[in-house]
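See below for the structure under consideration.
Just so it is clear, none of the values below were taken in a lab; they were calculated from the coordinates. Note that the structure is predicted; figures quoted are calculated from it, not measured. Note that each Cβ is placed from the backbone with ideal geometry, even for glycine, and that neighbours are counted across all protein chains shown.
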Amino acid sequence: MHTRLLHTDEIDEAAELLKRGELVAFPTETVYGLGGNGLDARSAEKIYAAKGRPSDNPLILHVASTEMLEDIAEEVPELAHTLMTEFWPGGLTLVLKKKSIVPDASTGGLTTVAVRMPAHPVALELIAACGFPLAAPSANKSGRPSPTRAEHVIEDLDGEIAAILNAGPTRIGMESTVLDLSGEHPAILRFGAVTEEELRNFIPNLQSPTDEQRKRAPGTRYRHYSPNAKVTIVPLGELPENHLEKEGRTAYIGYEPCDAAEKYHLENDARDYAKQLFALLRKADHDKVDHILVQAIDEAGLGAAVMDRLRRAAGQLN
Ligand code: TXA
Ligand code: MG
């Protein structure tokens, strides 16, 4: 299949492809998504095949209006309305009980559906032009770092999807926060663009997920965000130099100096890490290094999401 590279003035073409059941990667403010018709089981199956993703790992449905949300979610609790008012459009995904119109293929057979309204004009226009919610996981091959540029999507999925809508680098660079509102207590299933601190202002009793809830975000179980080179984290307060391997070439990512073969500087700032981390993990592979050494940052705010991804890339979490 030839993958077309579309520009932001070709949203109608992208919508036509999606209406025909094809897959189109599109930009959001977090990462690029691999979009398909969220109400069509065949489109969902195509997404799993293209990504090489286990089909029990459910997809997020992206909406452009609260009406679209009401079409797919069975119960929308008061708290969901409050959070949507506060954080939508934006990097917060809500897990709610699903309506039967949502095919099991999109939710990995779960009785819940994850929904988000992205804060990117191109994404919103595309969803509205389709008239149905877009199922969209991050547009990378399963296990690889999430794509923050159209070039990353080409790297992973060229020849396997109908088109890629290119709108340049994404603004935030970390995926959305996944919040489960379908159980007895609200729980964060994945740290992301909206911080725990921000959520606590509206959910004082925000819990750590129970094992049962953790199982409901199966995506967090698999190997993730992994470049080919081995990733090592420099713990806070330790010298990067002391963690350099003796053999092989190392790419160093951090804010303090370190004498490695490749050096990619980041500010000591979670937003800078979030924006650039995935792209730098991919760059390290292009630079053909054996090791990637990444300096840790403080876990406050967006730092929680950054360190979560980093630990997964380093194989420290399963
Ligand atoms: O920022 C984002 O969220 C990006 C952009 C494209 O919107 N999308 C994204 O999708 O990161 P994906 O598929 O890579 O990650 C979705 C996460 C997975 O961990 C999945 O298990 C979880 O959300 N999830 C989806 N539906 C769920 C459900 N019904 N219950 C629990 N977890 C769910
Ligand atoms: Mg993903």
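Which ³J(HN,Hα) values in Hz, rounded to whole numbers, follow from the phi angles of region 139-154 under the Karplus curve 6.51 cos²θ - 1.76 cosθ + 1.60, where θ = phi - 60° and Gly and Pro get x?
8, 10, 5, 3, x, 8, x, 5, x, 10, 9, 4, 4, 5, 5, 4
Could you name the aspartates and glutamates whose alpha carbon sits less than 14 Å from that of K263, not counting residues in the same chain fewer than 8 places away?
E241, D285, D287, D290
What ranking do 163-171, 134-142, 282-290, 262-270 get when scored by the average of other Cβ atoms within 10 Å per residue, highest first?
The most tightly packed comes first, giving 134-142, 163-171, 282-290, 262-270.
Please sort 144-156, 53-65 by packing, taking for each peptide the average over its residues of neighbouring beta carbons within 10 angstrom, highest first.
Order by mean packing, descending: 144-156, 53-65.
Calculate how steeply helix 41-51 sits against the longest principal axis of the alpha-carbon atoms of the chain, using the helix alpha-carbon long axis, and give the answer as 0 to 90 degrees to the nearest 10.
Here the helix axis deviates by roughly 10 degrees.
Tell me, how many Å apart are the Cα centres for region 268-304 and for region 148-203?
If we compute the Cα centre of each part, the gap is 16 Å.
May I ask you to evaluate 6.51 cos²θ - 1.76 cosθ + 1.60, the Karplus curve with θ = phi - 60°, for each residue of region 65-74 and list the ³J(HN,Hα) values in order in whole Hz, giving x for glycine and proline?
7, 6, 4, 4, 5, 4, 5, 10, 9, 6
Using only Cα atoms, tell me the angle between helix 270-286 and the longest principal axis of the chain; keep it within 0 to 90° and round to the nearest 10.
It is inclined by approximately 70 degrees.
Order of V306, V234 from fewest to most other C-beta atoms within 10 Å?
V234, V306
What lysines does K19 reach when the alpha-carbon gap must be under 28 Å and sequence neighbours fewer than 8 apart in one chain are set aside?
Result set, ordered by chain and number: K46, K51, K97, K98, K99, K141.
Which of M174, M68, M1, M117 comes first, and how do the rest follow, when ranked by fewest Cβ neighbours within 10 Å?
M1, M68, M117, M174
How much net charge surrounds T93 when only the other residues with a Cβ under 9 Å from the Cβ of T93 are counted, with Lys and Arg +1 and Asp and Glu -1?
Local net charge: +1.
Using alpha carbons only, how many angstrom separate the centre of region 25-71 from the centre of region 84-102?
Between the Cα centre of region 25-71 and that of region 84-102, the gap is 13 Å.
Rounded to the nearest 0.05, what FRET efficiency is calculated for S208 and Q316 with R0 set to 25 Å and r the Cβ-Cβ distance?
Working: r = 18 Å, r/R0 = 0.72.
The formula returns an efficiency of 0.85 here.
For region 1-138, what does the alpha-carbon gyration tensor say about shape, rounded, prolate or oblate, given a ≥ b ≥ c as the root eigenvalues, a/c under 1.5 as rounded, and a/b over b/c as prolate? Can you show the working numbers first?
Working: a/c = 1.82, a/b = 1.24, b/c = 1.47.
Verdict is oblate for region 1-138.
Which whole number in µm²/s is D for the chain by Stokes-Einstein, with the Kirkwood Rh taken over Cα pairs at 4 °C and 1.567 mPa s?
Reported coefficient: 66 µm²/s.
Extending each Cα 7 Å along its Cβ direction at K263 and E45, get the distance between those two points in nm, one decimal.
5.3
So for Y225, Y32, fewest C-beta neighbours within 10 Å to most, what's the order?
Y225, Y32
Would you please give the residues with an amide H less than 5 Å from that of R4, counting only those at least 5 places away or on a separate chain, with H modeled from the backbone geometry?
Under 5 Å from the amide H of R4 lie the amide H atoms of A163, I164, each far enough along the sequence or on another chain.
What FRET efficiency, computed as 1/(1 + (r/R0)^6) with R0 = 30 Å and r the Cβ-Cβ distance, is obtained for K19 and T85, rounded to the nearest 0.05?
Taking R0 as 30 Å, the efficiency between K19 and T85 is 0.45.
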